[in-house]
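Each remark here refers to the structure printed beneath this line.
The values are calculated or read from the model by the stated rules, or taken from the named source; none is laboratory data. The model shown is predicted, which means the values in this text are computed figures rather than measured ones. FYI the Cβ positions are ideal-geometry reconstructions off the backbone, even for glycines, and counts take in every protein chain you see. With ligands, DNA and RNA removed, areas are computed over all heavy atoms of the protein, side chains included. Shrake-Rupley method; radii C 1.70, N 1.55, O 1.52, S 1.80 Å.
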Amino acid sequence: MLCPFCNNSETKVVDSRDTNDGKITRRRRECLRCNARFSTYEEVEILRLTVLKKDGRKEDYDKTKIEKGIKRALEKRPISSERVSKVIGDIEYDIQAAEKPEITTREIGKIVLKKLRELDEIAYVRFASVYKSFGSIESFKKELDTFDK
Ligand SMILES: [Zn+2]
């Protein structure tokens, strides 16, 4: 994705939303060199993504499952719905960026955790405790300790 102003290839996504029944994603991008902002309209290529589960079963990628998990983690947290939508968009973007036909639940979990951690620590811990199903109090504490850096 080249910046239309200076042709730099490094841009970041600042906003992302579906249009046209979710088949096209509109992204707001910012050029990392000249800071110009522009929109792109990208076809969603994620439709055929397969998720490989821990027990070896496969299922079609389902965005709504991720949305549900994130919304549950963010319940009653002081985070605006715009920011929630943005973080979901960012997560989707990272999942697509892998450009693979298959992704494991572990990989998805890692992406979600990374983004939630940037957004809200409480939501991060909530999601982590469900997702990682910590084997012991010790391993959960260890995870919490990684905040202190
Ligand atoms: Zn530029």
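In a residue-by-residue description of the stretch 58-65, the property of being closer than 30 Å to residue 129 by Cβ, open to solvent by 100 Å² or more (accessible area, probe 1.4 Å) and assigned to a helix (DSSP H, G or I) applies to at least one position. Listed by position, the helices (runs of 4 or more DSSP H) inside the stretch 73-149 whose residues that are modelled with pLDDT of 90 or more and open to solvent by 60 Å² or more (accessible area, probe 1.4 Å) number at least 3 are 105-119. Figure legend. Inter-residue proximity from the stretch 67-80: first residues within 15 Å of residue 111 (Cα to Cα), second residues open to solvent by 50 Å² or more (accessible area, probe 1.4 Å), beta-carbon distance below 6 Å, spacing 6+ or different chains. Indicated pairs: 73/126. Could you tell me whether any residue of the stretch 36-50 is open to solvent by 90 Å² or more (accessible area, probe 1.4 Å) and among the hydroxyl-bearing types (Ser, Thr, Tyr)? Within the stretch 36-50, one or more residues are open to solvent by 90 Å² or more (accessible area, probe 1.4 Å) and among the hydroxyl-bearing types (Ser, Thr, Tyr).
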